[in-house]
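First up is the structure itself, then whatever we jot down about it.
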Amino acid sequence: MMKRLALNYQNPKGVLGNLTLHKMNHHHKPLMDWTFQKLALRFDSKALDIGCGGGKMIKRLAKLLPYGKVYGLDLSPLSVRHSKWENLRNVRRHTVKIVEGDVCKLPFKSNNFDLITAIETIYYWQEPERGFQEVLRVLKPGGKFVIACELSENGKTLPKKWSHIGEEVSLYLPSAKDLKQKLLDLGFLCVQSKMHSKYGWLYVIAEK
Ligand SMILES: C[S@@+](CC[C@H](N)C(=O)[O-])C[C@H]1O[C@@H](n2cnc3c(N)ncnc32)[C@H](O)[C@@H]1O
C-alpha cells in the first residue's frame, strides 16, 4: 500500500492517483502561497508549470497573468486530465494549455517562456540535469526558473511524513548549495535560494 502511495506522488495513476492529485492540490497550497510571496510577475507573462499534478499552480498563475498564457506539463496522463478539469474554463478560452510530456524532452520551442515553475516535482525527475538543461533551453533570456520543495537541505533526514516515500522510490534531494551550484554550472545566472525559517522548505530562483 505504501509503495502504491509513493508511486502515485511520482506518477499518479488510477483511483488512488486521482485521490492523491486532489490531496496535493490542497496540501501544497501553503508551499505555493510562500512561492508566490517571492514572485514578481508581469501581467502578460507566458508561464509553464512543470509537473503540474492536479493543476492548482496553473490555476493560480492564470489568475495572476490575465494578459498572459499559462502552460502545464506532466508525465502522467492522469495529472494532465486532472489539471485540464481543474482549469476547464481557461482551457476552453485557450488561455491555459496543458500537455503530457517529460521535462527531459520539453515539447516547446527554445526561448519561449518568461517563467517556469517546478513545485514538489524535481525529486522524481529521472535525469534532473537533463531536465534543467531543457528548462534553460525553453526559457527566454531574462526568464526565471522557480523551484519549490517541501524537503529541506540534503535529504539525509527525511521529515517523518516523507519517510514512506523515500523508502519506496529513489528521490533526487540536493541541498540548496548543490542545487544552486548545479544550476550555475549549467548556465543559469543569478541563482538565489531561500529556506523557510519554520518548515525548512526550499525555494530557488534562477535566471537565464
Ligand atoms: C508530487 S506531484 C506535485 C504536483 C504539483 N506540482 C503540486 O505541487 O501539487 C509530482 C508531479 O510531477 C510529475 N512528474 C514526475 N516526473 C516528471 C517528469 N520527468 N516530467 C514531468 N513531470 C513529472 C508527476 O507525474 C506528478 O504529477
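The values are calculated or read from the model by the stated rules, or taken from the named source; none is laboratory data. Not measured: the values here are computed from a predicted model. When we count neighbours, we look across all protein chains shown, and the Cβ atoms used for this are built from the backbone with ideal geometry, even at glycine. Areas reflect the complete protein model, heavy atoms only, side chains present, ligands, DNA and RNA absent. Shrake-Rupley method; radii C 1.70, N 1.55, O 1.52, S 1.80 Å.
For the range 88-135, trypsin sites (Lys or Arg not before Pro) are listed when DSSP marks them as loop and at most 13 other Cβ atoms sit within 10 Å of their Cβ; the list is ARG93, LYS109. Which one of PRO12, ILE50, LEU61 is farthest out on the positive end of the charge dipole of the chain, using unit charges on Cβ (Lys, Arg +1; Asp, Glu -1) and the Cα centre as origin? It is LEU61. In this structure, the residue pairs whose Cα-Cα separation is over 22 Å, taken from LYS29/LYS208; LYS84/LYS182; LYS38/LYS180; LYS144/LYS180; LYS144/LYS177, are LYS29/LYS208; LYS84/LYS182. Is the range 60-113 best put as rounded, prolate or oblate by its Cα gyration tensor, with a ≥ b ≥ c the root eigenvalues, rounded for a/c under 1.5, and otherwise prolate when a/b is larger than b/c, oblate when not? Oblate shape, in that a/c is at least 1.5 and b/c is the bigger or equal ratio. Taking only protein heavy atoms and a 1.4 Å probe, the accessible area of the chain is 53% carbon and sulfur.
For the range 40-191, the square roots of the Cα gyration tensor eigenvalues, ordered a ≥ b ≥ c, give a/c of at least 1.5 with a/b no greater than b/c, which places it in the oblate category.
Partners of LYS109 within straight-line reach, counting aspartates and glutamates whose Cα lies under 14 Å from its Cα and excluding those fewer than 8 residues away in the same chain: GLU134. Chymotrypsin sites (Phe, Trp or Tyr not before Pro) within the range 45-109: which are DSSP loop residues with at most 12 other Cβ atoms inside 10 Å? Listed in order of number, the matching sites are TYR67.
According to the square roots a ≥ b ≥ c of the eigenvalues of the Cα gyration tensor, what is the shape class of the range 8-77, taking rounded for a/c under 1.5, prolate for a/b larger than b/c otherwise, and oblate for the remainder? Prolate shape, in that a/c is at least 1.5 and a/b is the bigger ratio.
Restricting the chymotrypsin sites (Phe, Trp or Tyr not before Pro) of the range 1-66 to loop positions (DSSP other than H, G, I, E, B) with no more than 10 neighbouring Cβ atoms within 10 Å leaves PHE43.
When DSSP beta bridges are restricted to pairs lying wholly in the chain, around 35% turn out antiparallel.
The range 133-153 and the range 82-104 have Cα centres spaced 20 Å apart. When the Cα positions of VAL169, HIS26, ASN90 are compared along the charge dipole of the chain, ASN90 comes out farthest toward the positive end, with charges on each C-beta of Lys, Arg, Asp and Glu. For the chain, averaging the sequence separation of C-alpha pairs within contact (under 8 Å, six or more residues apart) and dividing by the residue count gives a relative contact order of 19 percent. With the helix formula -39500 (n - 2.57) applied to DSSP H stretches of n ≥ 4, the chain reaches a computed 222 nm mean residue ellipticity of -11500 deg cm²/dmol.
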